[in-house]
Amino acid sequence: ASDGSSRAAREAGYDLSGHRSRGLEDVCWSKVALVVTMTREHARAVRDHLEDSGRENDAPVLSLGDLAGGGDIADPLGGPLEEYTQMLRDMEDRVELVAEAISRELSKGGGS
């Protein structure tokens, strides 16, 4: 996780120390049931990557806004701590809606 994400999370009582980023090329796409991104632009980038690389993936690729309604969660990449803190608040506000939506999405495809 980025320094900003880690710091905002730590101040809110979360621990991201076990988080490890990896590139889209490192994902075992045959095991993916659902892809959730912060923004619609991120979702489009994942779809483009899959198409450009010729990878097959029937899993839905959706943004948090697609799942929970509302707009995108702003990506604070490289911004000040206040932007990371606002991102965290926005995610916390939607977590229950997103969990319910993910459950519905996985039920559509028979995933678990």
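Roughly speaking, what is the centre-to-centre gap between segment 43-112 and segment 7-29 when only Cα atoms are used, to the nearest Å?
Value for the Cα centre distance between the two parts: 14 Å.
Debye calculation, C-alpha points only, no solvent: report log10 I(q)/I(0) for segment 46-111 at q = 0.15, 0.16, 0.25 Å⁻¹, in the same order as the q values.
Normalising to I(0) and taking log10 leaves -0.64, -0.70, -1.04.
Accessible area per residue of segment 46-112 at 1.4 Å probe, in Å²?
Per residue, segment 46-112 has an accessible area of 63 Å².
Looking at (1) 15.2; (2) 16.7; (3) 14.4, which value of Kirkwood radius over Cα pairs in Å comes from a calculation on the structure shown?
The value matching this structure is (1).
Out of residues 5 or more away from T37 or on other chains, whose amide H comes under 5 Å of its own, with H placed 1.01 Å from N in the peptide plane?
Amide H to amide H, under 5 Å and 5 or more residues apart or across chains, T37 pairs with L62, S63, L64.
In degrees, nearest 10, range 0 to 90: what is the angle between the Cα axis of helix 81-109 and the longest Cα principal axis of the chain?
30
In the Gaussian network model of the chain, springs joining C-alpha atoms below 10 Å, which of V32, V46, V61 carries the largest mean-square fluctuation?
Result for the chain, Cα springs under 10 Å: V32 fluctuates most.
Give a quick list of trypsin sites (Lys or Arg not before Pro) in segment 6-112 that DSSP marks as loop, anything other than H, G, I, E or B, with at most 16 other Cβ atoms within 10 Å.
For trypsin sites (Lys or Arg not before Pro) across segment 6-112 that sit outside H, G, I, E and B with at most 16 neighbouring Cβ atoms in 10 Å, the list reads R20, R22, R55.
Please go through segment 1-84 and write out the chymotrypsin sites (Phe, Trp or Tyr not before Pro) that DSSP classes as loop and that have at most 16 other C-beta atoms within 10 Å.
Listed in order of number, the matching sites are Y14.
Could you work out which residue, out of G78, G13, G70, moves most in a Gaussian network model of the chain, that is, has the largest mean-square fluctuation with Cα springs under 10 Å?
Sorting by GNM fluctuation, first place goes to G13.
The values are calculated or read from the model by the stated rules, or taken from the named source; none is laboratory data. Source: prediction; values computed, not measured. Positions of Cβ are generated from backbone atoms using ideal geometry, with glycine treated the same way; all protein chains shown enter the neighbour counts. Note: accessible area is taken over every heavy atom of the protein model, side chains too, but ligands, DNA and RNA are not part of it. Shrake-Rupley method; radii C 1.70, N 1.55, O 1.52, S 1.80 Å.
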